[in-house]
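Notes follow once the structure below has been shown.
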Amino acid sequence: MASIHNKQTQKTITLYVNHTFGRDISTNITLLENPETSRNHAIIAWDGETWRIKDASSNGTFVDQVRLNSASYEVLLLGSKIQFGTTNTDIYEVADLSPPVTGLIPLSESLVFIPLHDVVILPIEQADIMLYLSEEAHWLCEENGQITHLQPGDKVGYAEQLWQFVDGHPSTATAITSMSPPPNDIKFNFTASQNEEHISLSLVVDNKEFDLGERNHHYLLLLLARQRLEDIEKGLQPSEQGWLDKELLIHMSGIIEQHINIQIYRFRKQVATVMPHSTTLHQVIERRPGELRFAYSDVKIEGGFSLAKSM
């Protein structure tokens, strides 16, 4: 996550996709306390390729002691020093310029950043809080049976264990609806018993195999992966391959919708345990209104009710 570091207070600020600075806390993400700064002073934004900064004040915003032209955005460079206003009481150094990531920013030092892909259960013993992506590509938070639609800046958690939701891609809904394929650099190998009561799975990443063994949640993945293979064999367009009606999937698997999310979460947690340094596995299950599908197409299935060929 991109960030700037306050040299005086030693506080690090994680940047939102469209991050605003000013004295008015009601209209800005980061509050500036210097009375010389404007109510809405400056903006740092991600344009899809780079981070840029724009001045919106009367007293100016300075980068490396050069006052910005308020009419345009300027590219930020790693290590640059940012000053809001002419008084240099607070100097911010650009500490990180990595692209934005949708996730949960920790609000205490004991917690860690949690990236969001499809389903996450917060690591809190006192509360059962699940976050997941809806069919309409909105992030939802389910707590004690209550479901809320997350907005950037919303806090989630319990007591002192709190995170703040950040949306790394304002056009997430468009991106997911258009179904841009995930990096297809993982091969999924399923092995099923004849009655499909025992499903084993291994992943091949960079020609290295990771055995995930036999787990109950592999059955859900098998059903969706099989549909993907069948549609590939039919010659369907990639954007239309693998979609299963949600109600049909519930009937086929015997799993209610909430447990589908839990099983996806368990799979992701299992992968994180077996491959702790892998960042290649992104969204496993894609959604659109009323339907779900397996996100990857490089699949091999051995055994089970029907055989599928490796594609």
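For region 91-114, the condition of being of a type in the set (A, V, I, L, M, F, W, C), in contact with a helix residue (DSSP H, G or I) (Cβ under 8 Å, 6 or more places away or on another chain) and assigned to a loop (DSSP other than H, G, I, E, B) holds for none of the residues. Among the numbered conditions (1) under 22 Å from the mean Cα position of the chain (by Cα); (2) closer than 30 Å to Glu257 by Cα, the only one that Asn144 does not meet is (1). Selection of region 16-44 for residues being of a type in the set (A, V, I, L, M) and out of contact with any Phe, Trp or Tyr (no Cβ under 7 Å at 6 or more places or on another chain) yields Ile25, Leu31, Ile43.
Among the residues of region 123-159, those identified as over 23 Å from Leu221 (Cβ atoms), in contact with a strand residue (DSSP E or B) (Cβ under 8 Å, 6 or more places away or on another chain) and among the hydrophobic types (A, V, I, L, M, F, W, C) are Ile124, Ala127, Ile129, Cys141, Ile147, Leu150, Val156. For region 249-260, the condition of being out of contact with any helix residue (DSSP H, G or I) (no Cβ under 7 Å at 6 or more places or on another chain), buried (at least 20 other Cβ atoms within 10 Å of the Cβ), at pLDDT 85 or above and in a loop (DSSP other than H, G, I, E, B) holds for none of the residues.
Taken together, Ile121, Ile91, Ile114, Ile82 contain a single residue that is crowded, with 19+ Cβ neighbours inside 10 Å and either in contact (Cβ under 8 Å) with a residue 12 or more places away in the chain or under 28 Å from Val63 (Cα atoms) (or both), which is Ile82. Of the set (1) at pLDDT 85 or above; (2) crowded, with 18+ Cβ neighbours inside 10 Å; (3) outside any loop (DSSP other than H, G, I, E, B), all apply to Ser297 but (3). Under the condition of being at pLDDT below 90 and either surrounded by 14 or more Cβ atoms within 10 Å (Cβ to Cβ) or among the acidic types (Asp, Glu) (or both), the residues counted in region 143-165 number 3.
Can you find even one residue in region 269-277 that is closer than 16 Å to Phe190 by Cβ, in the same structural domain as Glu196 (by TED's automatic domain parsing) and modelled with pLDDT of 90 or more? Looking for residues that are closer than 16 Å to Phe190 by Cβ, in the same structural domain as Glu196 (by TED's automatic domain parsing) and modelled with pLDDT of 90 or more, one finds none in region 269-277, hence no.
The values are calculated or read from the model by the stated rules, or taken from the named source; none is laboratory data. Predicted, not measured: the structure shown is a model, and the values here were computed from it. Every residue, glycine among them, receives a Cβ derived from its backbone with ideal geometry; neighbour counts consider all protein chains shown.
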